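Undergrad: Let me give you the structure first, and then I'll get to my questions.
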Amino acid sequence: MRTGLALGCLLLGCRGNNSPPVVTVVAHDFSFEAPDSLPAGLTTLKLVNAGRWNHQALLFKVPDGHSAAEVRAALQADSEPGWPILAAGGPGPTAPGNTTNVTLILQPGSYTLICFYVGGGAPHYLAGMVKDLRVIGTVSQAVVDPESAVTIEMRDYAFGLSRPLTRGPSRLRVANKGPQDHELLIFRLTQPYDSAALSAWINERQPNAPAMEAVGGFSGLPAGGHGTTDIVFEPGTYLLFCDGPDAKDGRPHRVHGMWQIVTIQ
């Protein structure tokens, strides 16, 4: 007979006695394959991209008195609910065939998992890439974050790195110190880039992004939120940017200067 802990590890995955459970989310074109419930507290979300497009997995917490079904209905109508849904974080975009993860603290309640990435001419949530789920259990008062090598602080409108990024596996602690939601999107430029063309895309003067590969990051962290993500950096040039809408004009935060080029030898 399996114990409760053994059964939980069988369903969710575990990383050792003192490590958070690992919940695997598989992104298809265009749906999520994931458990209907997640454990409250410190949890790792592992995103596996089994599709042909870049995908992300952003959690939104549904406020009491409303339902995830209302959020889903509004999204299918390409509109927003008449009340705020709260960003709770999640794995940033990753390329087809790749895997990324984030570790964060989940509060109990109802959530909606959404992919906002645009591929094929429309946001993926319009094609059905939305999943309702619940976070169950309680959050321990003794939650301890995984140790990290580099801390990246997000503010209006910049990234602050505690130390330079280096090649190989790296655990990043991402913290939102700004007054509004932010995200850390990490893309590797796959061809020598033209700085003028890159600037034109960043500032929305042209629609075409430079050739680049999504390697992960942290989507939709609310003000005061934090978590960790594991990234393997190969030598090359990387673009860090925030694409979330700004509260004052709705334009992406990258337009307001929230982007950075990082070269890794």
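Undergrad: Consider the candidate values (1) 1.10; (2) 0.98; (3) 1.23; state which one is Cα Rg over 2.2 N^0.38 Å computed from the structure displayed.
TA: The calculated read-out lines up with (2).
Undergrad: Further, regarding this structure: Just how far, in whole angstrom, is segment 30-94 from segment 207-228 if you go by their alpha carbon centroids?
TA: Here the answer is 15 Å between Cα centres.
Undergrad: Stretched out fully, how many nm does the piece from Glu147 to Ser79 gain, at 0.36 nm a residue minus the Cα gap?
TA: Full extension from Glu147 to Ser79 adds 20.5 nm.
Undergrad: Find how much the distance from Ala69 to Val262 grows on full extension, using 0.36 nm per residue of separation minus their present alpha carbon separation; answer in nm with one decimal.
TA: 65.4 nm
Undergrad: Ok, one more. Run the helix sum for the chain: -39,500 (n - 2.57) per DSSP H stretch of 4+ residues, divided by residue count, reported at 222 nm to the nearest 500 deg cm²/dmol.
TA: Result for the chain, helices only: -2500 deg cm²/dmol.
Undergrad: Right, another one. With a cut-off of 8 Å between alpha carbons and a minimum separation of six or more residues, what is the relative contact order of segment 60-117 in percent?
TA: It rounds to 50 percent for segment 60-117.
Undergrad: Quick check: pseudo-label points 7 Å beyond the Cα along Cα→Cβ at Lys248 and Ser19, how many nm apart are they?
TA: Each label point lies 7 Å from its Cα, and together they span 4.4 nm.
Undergrad: Also: Residue by residue, what Karplus-based ³J(HN,Hα) values in Hz, rounded to whole numbers, does segment 173-183 have, using 6.51, -1.76 and 1.60 with θ = phi - 60° and x for Gly and Pro?
TA: These are the phi-based 3J(HN,Hα) values: 9, 10, 10, 8, 9, x, x, 9, 4, 9, 9 Hz.
Undergrad: Per residue of segment 241-255, what does 6.51 cos²θ - 1.76 cosθ + 1.60 with θ = phi - 60° give for ³J(HN,Hα)? Whole Hz please, x for Gly and Pro, Karplus curve as stated.
TA: Each residue of segment 241-255 in turn: 7, 10, 10, x, x, 7, 5, 8, 9, x, 7, x, 4, 4, 4 Hz.
Undergrad: Got a sec to turn the phi values of segment 224-236 into Karplus ³J(HN,Hα) couplings, 6.51 cos²θ - 1.76 cosθ + 1.60 with θ = phi - 60°, whole Hz, x for Gly and Pro?
TA: x, x, 7, x, 10, 9, 9, 10, 9, 8, 8, x, x
Undergrad: Could you tell me the relative contact order of the chain? Use alpha-carbon pairs under 8 Å, at least six residues apart, and round to a whole percent.
TA: Dividing the mean separation by the residue count of the chain yields 19 percent.
Every read-out reported here was derived from the displayed coordinates using simple, explicitly stated rules and does not represent laboratory data. Just so we're clear, the structure is a prediction, and the values are computed from it rather than from any experiment. Heads up, the Cβs are rebuilt from the backbone with ideal geometry, glycines too, and the neighbour counts pull from every protein chain shown.
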